[in-house]
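Okay, so here's the structure we're looking at.
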């Protein structure tokens, strides 16, 4: 096993240099995929483009399924095992958003470039890249763009595939655009929720406590902040966004709050969600308004051990490439792999230069390292180096 990984590590510098020749292919796929709007539950057009790319690369079984996943299979020389490489198709941006992708000398900018057009571009380019590097795996490689991943999608695409495929998946890799050095081996427990507040018609604004949606939602947040949060198990409540109001001189009658409960304990997530639901009931009764907490997605905690060969050999690859590892829990497709009992990691391809509500910018230069890292990891998995004894 030591010899197998040593050969891979020694080949990395040459591989990274050769990967610079595929710049145009990768960036073309990045632009083409990134400029297709792909809001959760509306990924059809982006999925079609990806499957078309798989067909052009002569992959086998290029197809889609009932929930909109797009996949193709690169057969291995032996084909006695299957590695599933997945990147999510959906973004948080609808068709009203400008999806123009700008390629600058050192970076690429646009809506959803980092999350996750770059990850999809890697999948679309990988058959060409492996052929260019003259790499043929013994294992079959399943490339899949997963649908309905974000928000209310709740990883429905990858979950559906893993529950219904007759292919035996030995290892899974979730590819995200950023950040280079990311090693996500575990998932924390999580409940992703929306709070909807609205005032019914005929609402009596003269009653005590009638302050409009903004003030009421602020009270709701303050009540949540008063909930004791344990340090063990590590737990947090993250407020993501608030929307309310239409302008000056108008009383706000509707509001929406998005938040996540995150914890190492599934029981703690459930306890906190129950407390927040009780707060919503109390505020609704107090103000004679309507307050509804809607759960959009749920994750269970779990993952592979730090000592798992998949993690240890990923670290060896990063050490050889002088990439600093970033150990962060993941709530991506990794959670579905964990639930299915499949050893898996989430890895990143490049570095995020800037990010705001509209535009994400990723650096081009680190992409070559990210690709070399990913291909080296595929080789290690293919040769059995990352298998548990």
Counting all C-alpha pairs of the stretch 302-389, share separated by more than 15 Å (%): 65 percent
The stretch 54-178 - Rg (one decimal) and Dmax (whole number), Cα, Å: 15.3, 47
Of 67, 175, 188, the one that fluctuates the most in a GNM where the chain has Cα springs shorter than 10 Å: 67
Label point distance in nm, residue 56-residue 241, each placed 7 Å from Cα along Cα→Cβ: 3.2 nm
Relative exposure of 120, 225, judged by other C-beta atoms within 10 Å (fewest first): 225, 120
Fewest-first sequence of 28, 346 by Cβ atoms within 10 Å of each Cβ: 28, 346
The chain: antiparallel DSSP beta bridges as a percent of all, rounded to 5: 70 percent
Stretch gain in nm, segment residue 132-residue 102, where the contour uses 0.36 nm per residue and the Cα spacing is subtracted: 8.2 nm
The chain: most fluctuating residue of 292, 318, 144 per GNM, C-alpha cutoff 10 Å: 292
Theoretical gain in end-to-end length, residue 14 to residue 227 [0.36 nm per residue, Cα-Cα removed]: 71.2 nm
Part-to-part distance (alpha-carbon centres) for the stretch 12-41 and the stretch 263-313, which is given in Å: 35 Å
Helix-only [θ]222 nm of the chain, DSSP H runs n ≥ 4, -39500 (n - 2.57) each, per residue, nearest 500: -11500 deg cm²/dmol
Per-pair calculated FRET efficiency, R0 = 51 Å: residue 214 and residue 306 via Cβ, rounded to 0.05: 0.70
Mean separation of Cα contacts under 8 Å (6+ apart) over length of the chain, as relative contact order %: 23 percent
Neighbour-count ranking [beta-carbon atoms within 10 angstrom, fewest first] of 304, 158, 78, 221: 78, 221, 304, 158
Label selected from (i) 22.3; (ii) 21.2; (iii) 20.7, the criterion being Kirkwood radius over Cα pairs in Å as computed here: (i)
The chain: most fluctuating residue of 124, 114, 285 per GNM, C-alpha cutoff 10 Å: 285
Debye equation applied to the C-alpha atoms of the stretch 246-350, log10 I(q)/I(0) at 0.20 Å⁻¹: -1.10
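Values in this text are rule-based calculations from the coordinates and carry no lab data. Just so we're clear, the structure is a prediction, and the values are computed from it rather than from any experiment. All Cβ positions, glycine included, derive from the backbone under ideal geometry; neighbour counts span all protein chains shown.
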